[in-house]
Every structure is written in C-alpha cells, then in structure tokens.
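We did not get these values from a lab; they are worked out from the coordinates using the rules stated. Bear in mind that the values here come from a model prediction, so they are computed numbers and not experimental data. In this analysis, Cβ positions are derived from the backbone assuming ideal geometry, glycine residues included, and neighbour counts consider all displayed protein chains.
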Amino acid sequence: MSIRKSVWTVVVVAAVGLGTGSCGATAKRPAPPPAPATAGEKPLRTHENLNATLWMQTSVEYRASALQAYHTARLALDAALADPRWTAAVEQTGDPGSKPPAIVLDLDETVLDNSPFEARMIAESTLDRPVPYDETVWRRWVAEKKATAVPGAAEFLRYAASRHVTPMYVTNRNIDGADPQKDKGAGERDTIAVLRTLNIPVDGKGDTLLMRGENGWDSSDKGTRRAAVAEKYRILLLVGDNFEDFISVKDTSLAGRDTLADKYGDWWGSKWIVLPNPTYGSWEGAITLGAPQNDPAAALARKYAALRLAR
Ligand SMILES: [Mg+2]
C-alpha cells in the first residue's frame, strides 16, 4: 500500500451552495476547493474517500466486479495453459514453454480486502483533524491480520492450484513490521498467516511472496520482481488493482498512462486482470503529480482542476 503518496483530507462543505458536482456546471474552470465553513453555516462531515470506501464495502456492483474479474481470470488461465508460447509479462524473454506455469498477483485490494483500514481512517477523521495515511499505522494494520479476501480470489487461487499453477505474490507490503528492528520479518509472517487463515494457497517459507524490503527490492516498482519470477516460471497471468502491477510505468502523467494502457489494449481481460479500487492507487498520484509533498490543499486543488466538464 506504499504507493499512496497524497495525504487525505476531510473536505468541509457548506450545507448551502455546494452540492455534489453541480457547483461548477456553468463555470469554465472547476471551482476551487470549498473554504472552511463560516459562522451560521452547518458543515457537513464528509471525506474524500467516503463514497469510494462505502462502494467497496457495501455495493453489489463492487462484489460483482471482483467476481467478474476472477471469472475472467479462470477462463484466461485455461487458455494460457493450452498455449505454451503464452506469457503475460513484458519482462519474460526467450521461449518460456519449458518452464513451469505461474501467475503473478498483487495482494492488497487484489487478493486481500483492507477496506476496514480505509474505513478506520475515515471514521477517525474529524473536520479539523483529518487522519492521513501513515506507513507505520499501515504496518500495524498488517500485524492485526484482519484483512479479508476479495470476492472470488480464494476460489480462483484454489482452482489455479488444482491446475498445478504456482501463485507468486508480488506485493509492496514490507517484509518487516511497524518497528523494523524489533519486528524483522513480521510483515512476511503476518501476511502468510492471514492468507492461510483465508485458505489461500501460499508457500509457508515465503518463497512465493516477493515483498518490498526483501532481497534488495527496495523500490515500489515491481518490474525487477516480475523479471525474477520470469527467470523460473512461465507467467500466465498478471492480476492487480494498480497499473504498476502489470508493467513499469515511466511516464506517470495521465496522458502517459493512457498511452501505455492502450498499447497493451488487447491484454486487458486476457493476460492482465484488473480489480476495481477507487480508494487509492497510482491513478491518484497521476492527478496530483507535481503538487508539493505534504501539502493536502495543493493536492486537492489539482483534483478539482482535473475534473472534466462538458465543453
Ligand atoms: Mg494493490
């Protein structure tokens, strides 16, 4: 989850004058972020991530999207197994036909549902004190081992195991815990434990878990780790919720990401299976690109400016 760069803020919306999305209908440019409520106006307690988190936690539409993704993954897996030249990774070179098959999956919001962590940050935020994302707090959440399974993930992974396909988890969870000195390796142990509790296939020694901070893998970029998997395995599918779960992205601008995604347009749904995640991801960083670090007002202003209004 360390891809998250921006700091979330609680948005104070005056009860009068600002609805959802209608405020800029006649303006050429989006309105700036709403000012704090003044005396006499009743502030609405809302949060940038409220709707997105509720959608993931409560909607049939999210659940169906995840089931749809894993149903597609199952069909794609069968097709990939039948074609020895098939590979889903741009990092795979040469003829992979003689290598054993594997699938590469991200963990958070792909296999594991951490929405209670999101919900906690929203619930604990107040109008004057928003709770920002914090890596140490995140690692404490990992240690709680309360993540659940994304709908369809466990069933798909057990199907893959039945076809003798190895799941390789390439995750930006850190191998260590909240205190890197005291909790050496705790991130790996806790992640294996939660996967096992959910009856999701994982190697007990962590050999199928390629984590950040392990083996010199200090970058959030996953290309090196996909290449390491491709050395030993034929990669049949990539499954993730973030663009970088599929390919290393050099041009991280919105236009650059669109161009690269379109270049591999035929791979979506056949080699690359994407799970919906509207709560965080590199898509958000692409919007706030260039905003000063630790300046939530600047990041929020860039989001308003990114709204696409009718011309
Ligand atoms: Mg993820």
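Odds and ends about this structure:
- 12 Å beta-carbon shell around Tyr62, net charge (K/R +1, D/E -1): -3
- Approximate shape of region 234-285 as ellipsoid semi-axes (Cα gyration tensor, √5λ), whole Å, largest first: 18, 14, 9
- The calculated 222 nm mean residue ellipticity attributable to helices in the chain amounts to -10500 deg cm²/dmol, summing -39500 (n - 2.57) over DSSP H runs of n ≥ 4 and dividing by all residues.
- Using the Karplus relation 6.51 cos²θ - 1.76 cosθ + 1.60 with θ = phi - 60°, the per-residue 3J(HN,Hα) values for region 266-283 come to 6, 7, 5, x, 10, 10, 10, 10, 10, 9, x, 8, x, 8, 6, x, 5, 4 Hz, with x marking Gly and Pro.
- Summed residue charge, Cβ within 9 Å of Asp108's Cβ, Lys/Arg positive, Asp/Glu negative: -3
- Each Lys or Arg adds one and each Asp or Glu subtracts one; over the other residues with Cβ under 10 Å from the Cβ of Val150, this totals -3.
- Under 18 Å from a label point set 7 Å out along the Cα-to-Cβ vector of Ser162, the amide N atoms of region 97-111 belong to 103.
- Extension gain, Trp268 to Thr58, is 73.0 nm, computed as 0.36 nm per intervening residue step minus the present C-alpha separation.
- Spacing of the modelled spin labels on Ala123 and Glu135, each 7 Å from Cα toward Cβ, amounts to 2.7 nm.
- Taking every lysine pair in region 205-304 that is 8 or more places apart or spans two chains, those with Cα atoms closer than 17 Å amount to 5.
- Computed from label points 7 Å out along Cα-Cβ, the spacing between Ala228 and Lys182 is 2.8 nm.
- Spatial separation of Cα centroids for region 47-65 and region 240-311, in angstrom: 19
- When the chain is treated as a Gaussian network with alpha carbon springs shorter than 10 Å, the biggest mean-square fluctuation among Ala52, Ala89, Ala255 belongs to Ala255.
- Where labels lie 7 Å past Cα in the beta-carbon direction, separation of Ala82 and Ser98 in nm: 2.6
- Contour excess over end-to-end distance, with Cα ends at Arg311 and Thr252 and 0.36 nm allotted per residue: 18.6 nm
- Fraction of C-alpha pairs exceeding 38 angstrom in the chain: 18 percent, rounded to a whole number.
- Antiparallel bridge percentage (DSSP; both residues within region 12-286; nearest 5): 25
- Stretchable slack from Thr197 to Glu144, in nm (0.36 nm times residue separation minus alpha-carbon distance): 17.8 nm
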